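Just below is one structure, and these are the notes that go with it.
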Amino acid sequence: MAESEKSWTLGRIAAEVGGELHGPEDQPVSRPVPADSSDPHGISFATSTKFLERAEASAVGSLLVSQDLVPSAKPYVVVEEPRAAFGQLLALWKRPLPLNEGIHPTAVVHPEASIDPSAKVGPYAVVERNAKIGPGCRIYSFSYIGEDCELAKGCVVYPQAVLYQGVRLGERTIVHAGAVLGADGFGFEWDGKRHVKVPQIGLVETGADVEIGANTCIDRATAGTTRLGEGVKLDNLVQIAHNVQVGDHTVIAGLAGVSGSVEIGSRVVMGGAAGIRDHVKVADDVVLGGGAGVAADIEVPGEYWGIPARPMKEAMRASLLVLKLPELMTRIRELEAKVKELEEK
Amino acid sequence: MAESEKSWTLGRIAAEVGGELHGPEDQPVSRPVPADSSDPHGISFATSTKFLERAEASAVGSLLVSQDLVPSAKPYVVVEEPRAAFGQLLALWKRPLPLNEGIHPTAVVHPEASIDPSAKVGPYAVVERNAKIGPGCRIYSFSYIGEDCELAKGCVVYPQAVLYQGVRLGERTIVHAGAVLGADGFGFEWDGKRHVKVPQIGLVETGADVEIGANTCIDRATAGTTRLGEGVKLDNLVQIAHNVQVGDHTVIAGLAGVSGSVEIGSRVVMGGAAGIRDHVKVADDVVLGGGAGVAADIEVPGEYWGIPARPMKEAMRASLLVLKLPELMTRIRELEAKVKELEEK
Amino acid sequence: MAESEKSWTLGRIAAEVGGELHGPEDQPVSRPVPADSSDPHGISFATSTKFLERAEASAVGSLLVSQDLVPSAKPYVVVEEPRAAFGQLLALWKRPLPLNEGIHPTAVVHPEASIDPSAKVGPYAVVERNAKIGPGCRIYSFSYIGEDCELAKGCVVYPQAVLYQGVRLGERTIVHAGAVLGADGFGFEWDGKRHVKVPQIGLVETGADVEIGANTCIDRATAGTTRLGEGVKLDNLVQIAHNVQVGDHTVIAGLAGVSGSVEIGSRVVMGGAAGIRDHVKVADDVVLGGGAGVAADIEVPGEYWGIPARPMKEAMRASLLVLKLPELMTRIRELEAKVKELEEK
């Protein structure tokens, strides 16, 4: 951890990413920064002339570039994949949130919970009866790991996350702060006078390498399981309703909503604030633009947009023509006048 | 609680729901499951041929059906209302989140707070001065019950919920994890240079049998009260702004937003991500489709959709015609050509 | 605090706001209320005939009015700016959430954290290594103030807020309950098989007098800083993605979403549920209507609306014409019939 606070040198950076140094070996490097940073000891990267120009114009100290993009004035390191090399630096500077070894004395752990000795449980975490916390898990402050939850090895649960009951996290699943997994699905029956609650007894389950954003909600199934496949990534403030099934490696951006019993395929991308109506199925490899509203099954891979969502090209054309409606209106009026004239001839 | 972990038999299920058993009395039943479950000891239900077919094709062990829907191969129980009978089973299997009797020693309760002896307060809950917790209430870990809050009997506050100050919950109100009640309304006055905060001193109040979803926010009124009527149900991630009034038995789906001083009638249904502009009134028995944006008062009951929201039929027709705009464009071009030809004759 | 529970008199109110009393000096005043309140000891205000009528029709006890708006029956106080005077009363009645002096014994404070002696830290707050809490700050229960966070003087962090790491709050910044600052940005690289996490090492920084709503999320930058300018106000459930820059005095309403690397100018107003696509720039003094979706840079100040967002006037006209599409369709059909007739002549 001290490492991350020390300054590196450009020479050491070049060695680390396996690149070719052009500049002073002892140029100090404080940290990876964006291309427009004002940090004279920051290092950034460029993958295009545009980015390179932005970096040249800024005070940023040094750059990772590819063979064909050579900075005029700043020290640089030539690598094959500047973006990937920058990612390597990010990983070097990344520090996990601090956490005590073992179980913090203020954590309330049920005697029938099972916590692997290599797991860490922070101050004021609560772990309920029969919960199982796997090897290497990190459970931060104020997390609530409910009854019968099972966390496979290497999971991270950030502060304030809540796992109600029977939530199963696949290996290396990350749950960000304030996320709520396993709250009751939104199920009621109208009896003519009032909405009667349908008891929700199902589970929530994630595959390996899932990441769940801050304050995102995943409801338990009514019966059965709400399921996120392997490698699924959810942004912040996403709503996943009861009994939803999300395929492997699907990515859902912030403020998107998935209604009850929806089935989403694999490698789907849902843009920000997109929504899917209940019981709808979305095929593999579908891309939903931001704000798209899916009202019916989508069976063909490809890009979709609009409310209701339709193929991107069609949606874009319609959207452009809506802007031309005033002109269309004028042209219709002109036609009407001309036709009237012709009729009166 | 042990009960819920035991296996039942189909005979016992039939007796429980008052149905007619067709199949072995000792058929084991593990739990209620969805119709497409692979659990050979799961029990599901069918209310339509489509659902029955799905169940027949699955490994599900047994079914609740109506007289006219008879499974070909699986053991089944005939009942009048299969969905309702299934709901009965869900209720049998439902287990509340575990909670200690009385007040957990780690809870921080102000000496001037009043907690009914039959209420339960979990680890690391905070109950502030002059708060009143009624009989049978269950307050889970990390909940913050602020000064002057009043919870009528039978309320449930799940982990991490926050009630700022002066929040009053009607009987049996359920507040899910991470919900925030009573935060400041979003009120500022622009003084020509900066937004000056308008102090927010009002309250939040719910009727009986209200349910508030995970991470949902209900702001306190500027002055007066933000109020949810009896039987109101809010899904997750809903935003209710200051001074909003919501009528009895209204239901609001996930990611919907209600702006300041809106008045919503009774038995209104707001679809997911629908929104209402500030100071607008929505009549009783209005249904707003998902993503609808209400910009002006709605005085007539019925279905509405679109941005801005208009009667469903009109909105659907306009939405379909937007898709026909390319065709319309072509027809106008053809008309123009023909008219030109006629004029030149 | 006791003050706020006592009754005032109308005479004292008049003196307090520097107004002219019309009515009994000893008329009791319980609290500021909305114009339609049923509280006979409540005081409200009127700035228009419409508001005055509403107040006259209600049971509200007394009113703040301007010279030209004189109530017929109720006691009143004439002031120059009734709304501002009402704001003064709100401030008089406003009570902060209670908080102990100093550091609550249950707070877990790292020995290397630095907390000003005039700051207050509530029960079950966690303050990590090297965090700095400035003079007069109030940190409520269950807040997590992560490593290297810096809070300038007078900040308020309500219960359950989470500041991951390296979050810097300007003076008097208010963070409402459940807000999450500094969670990882949503950055992944698709390697052909899976989304590989891009480590997120950047910071979050706010200017002075910023307010952040309940359950709102502000992600840390990938590298560099996600920054909110001075006087920025965010409502509840807002999503601010990594590397976003928000200019001074900009206001963002509930459920709005700002994608990665967006640059928003100063004094911008974003309506509820509005959204901005990643890397887009929005100029100073832009107003985005509720639900607007910004897909491209906006360079000219003014009002914008629609998906994609366009100048308000244009968007409104197009939106109205969409509703006229059925009529347009009929007119085109009629034209076609007439032209056919003309051609056959």
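The values are calculated or read from the model by the stated rules, or taken from the named source; none is laboratory data. Just so it is clear, the structure is predicted and the values come from calculations on it, not from any experiment. Reconstructed Cβ throughout: ideal geometry from the backbone, glycine too, with neighbour counts over all protein chains shown. Note: areas computed on protein heavy atoms with side chains; ligands, DNA, RNA excluded. Shrake-Rupley method; radii C 1.70, N 1.55, O 1.52, S 1.80 Å.
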Over chain B: helical MRE at 222 nm, DSSP H runs n ≥ 4 each giving -39500 (n - 2.57), nearest 500 = -5500 deg cm²/dmol
Which residue, chosen from A:LEU92, A:SER30, A:HIS110, occupies the Cα position most advanced towards the positive end of the dipole of the range A:1-141, where the dipole is computed from +1 (Lys, Arg) and -1 (Asp, Glu) charges on Cβ about the Cα centre?
-> A:HIS110
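How large is the accessible surface per residue of the protein assembly as shown, computed with a 1.4 Å probe and reported in Å² as a whole number?
Details: 39830 Å² over 1035 residues.
Ligands and nucleic acids excluded, the result is 38 Å² per residue.
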Can you give the net charge of the other residues whose Cβ lies under 10 Å from the Cβ of C:HIS176, counting K and R as +1 and D and E as -1?
-> -4
Could you work out the relative contact order of chain C, using alpha carbon pairs under 8 angstrom and six or more residues apart, expressed as a whole percent?
-> 6
Two-decimal Rg to Rh for the range A:245-288 - Kirkwood Rh, Cα set = 0.91
Under the Debye formula (equal points on every Cα, no solvent term), log10 I(q)/I(0) of the protein assembly as shown at q = 0.07 Å⁻¹ = -0.65
Minimum 30 Å² accessible area buried by the other protein chains, the range A:234-282 residues, probe 1.4 Å, relative to alone = A:ASP235, A:ASN236, A:LEU237, A:GLN239, A:HIS249, A:VAL251, A:LEU255
Taking a threshold of 18 Å on the Cα-Cα distance, which of the pairs A:LYS193/B:LYS233; B:LYS324/C:LYS338; A:LYS132/A:LYS153; C:LYS50/C:LYS233; A:LYS338/B:LYS324 fall above it?
-> B:LYS324/C:LYS338; C:LYS50/C:LYS233; A:LYS338/B:LYS324
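Taking the Cα centre of the range B:1-61 as origin, sum charge times position over the Cβ atoms of Lys and Arg (+1) and Asp and Glu (-1), and report the length of that vector in debye to the nearest 20. Please report the intermediate quantities before stating the final value.
Details: 5 positive and 10 negative charges, 27 e Å.
For this selection, approximately 120 debye.
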Listed residue (A:SER66, A:GLY187, A:GLY19) projecting farthest to the positive dipole end of chain A, Cβ model = A:GLY187
Hey, could you pull the Cα Rg and Dmax for the range C:219-278, both in Å?
-> 10.2, 29
Aspartates and glutamates with Cα under 17 Å of A:LYS74, excluding same-chain neighbours fewer than 8 positions away | A:GLU20, A:GLU25, A:ASP26, A:ASP36, A:ASP39, A:GLU53, A:GLU56
Run through the other copies and list how far each one's label point is from that of B:ARG331, in nm with one decimal, shortest first; the point sits 7 Å from Cα along Cα-Cβ.
-> 1.4, 1.4
Per the 1/(1 + (r/R0)^6) rule, R0 = 56 Å and r from the Cβ atoms of C:THR47 and A:GLU101, FRET efficiency to 0.05 is 0.35
In debye, nearest 20: dipole of the protein assembly as shown around its Cα centre with unit charges on the Cβ of K, R (+) and D, E (-)?
-> 300
Starting at 0 and stepping by 10 Å, how many percent of the alpha carbon pairs of the range C:84-220 end up in each bin?
-> 13, 41, 27, 13, 5, 1, 0
Evaluate E = 1/(1 + (r/R0)^6) for C:ALA84 and A:ASP26, where r is the Cβ-Cβ distance and R0 equals 51 Å; express this FRET efficiency to the nearest 0.05.
-> 0.25
5 Å binning of all Cα-Cα separations within the range C:9-103, expressed as whole percents from 0 upward = 3, 15, 26, 26, 15, 5, 4, 3, 2, 1, 0
Choice from C:LEU151, C:LEU288, C:LEU335 showing the highest fluctuation, given a GNM over chain C with Cα pairs closer than 10 Å = C:LEU335
In range of the label at C:LYS193: residues from the range A:284-311 whose backbone nitrogen is under 20 Å from the point 7 Å along Cα→Cβ | A:285
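Magnitude of the Cβ-charge dipole of chain B, K/R +1 and D/E -1, about the Cα centre, nearest 20 debye?
Roughly 640 debye, rounded to the nearest 20.
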Beyond 25 Å between alpha-carbons counts as too far, so tell me which of B:LYS197/C:LYS120; C:LYS94/C:LYS120; B:LYS197/C:LYS313 fall in that bin.
-> B:LYS197/C:LYS313
Largest fluctuation, C:ALA274, C:ALA107, C:ALA57 only, Gaussian network model of chain C with Cα springs under 10 angstrom, belongs to C:ALA57
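On alpha-carbon atoms, Rg over Rh for chain B using Kirkwood Rh? Each step should come with its number before you reach the end.
On the way: Rg = 26.7 Å, Rh = 23.7 Å.
Computed over Cα atoms, the ratio is 1.13.
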Of C:ASN236, B:LEU169, C:CYS149, which is farthest on the positive side of the dipole of the protein assembly as shown, counting Cα position, with +1 on Lys and Arg Cβ, -1 on Asp and Glu Cβ, and the Cα centre as origin?
-> C:ASN236
Would you kindly work out, in nm and rounded to one decimal, the distances from the label point of B:PRO98 to those of the same position in each other copy, ordered shortest first, with label points 7 Å along Cα-to-Cβ?
-> 3.3, 3.3
How high is the relative contact order of the range A:229-288, given as a whole-number percent (alpha carbon pairs under 8 Å, six or more residues apart)?
-> 30
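What share of the DSSP beta bridges in chain C is antiparallel, in percent to the nearest 5? All intermediate terms of the calculation are to be shown ahead of the outcome.
Numbers: 10 of 76 bridges.
Of the beta bridges lying entirely in chain C, close to 15 percent run antiparallel.
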Among the aspartates and glutamates, select those whose C-alpha is under 14 Å from the C-alpha of C:LYS345, and discard any that sit fewer than 8 residues away in the same chain.
-> A:GLU343, A:GLU344, B:GLU341, B:GLU343
If one builds a Gaussian network model of chain A from Cα atoms under 10 Å apart, the most fluctuating residue listed among A:GLY254, A:GLY19, A:GLY229 is A:GLY19
The range C:1-91: relative contact order in percent, alpha carbon pairs under 8 Å with at least 6 residues between | 25
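Take the solvent-accessible surface of the protein heavy atoms, probe 1.4 Å, and return the percent of it on the protein assembly as shown that carbon and sulfur atoms account for. Could you put the intermediate results ahead of the total?
On the way: 20490 of 39830 Å².
Taking all protein chains in place, the protein assembly as shown shows 51 percent carbon and sulfur surface.
In Å², rounded to the nearest 100, what is the total accessible surface buried by chains A and C against each other with a 1.4 Å probe?
Values: alone 18310 and 18300 Å², together 31490 Å².
Interface area, both chains combined: 5100 Å², rounded to the nearest 100.
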Please give, to one decimal in nm, the separation of the simple spin-label points placed at A:ARG54 and A:SER114, each 7 Å out from Cα toward the Cβ.
-> 5.0
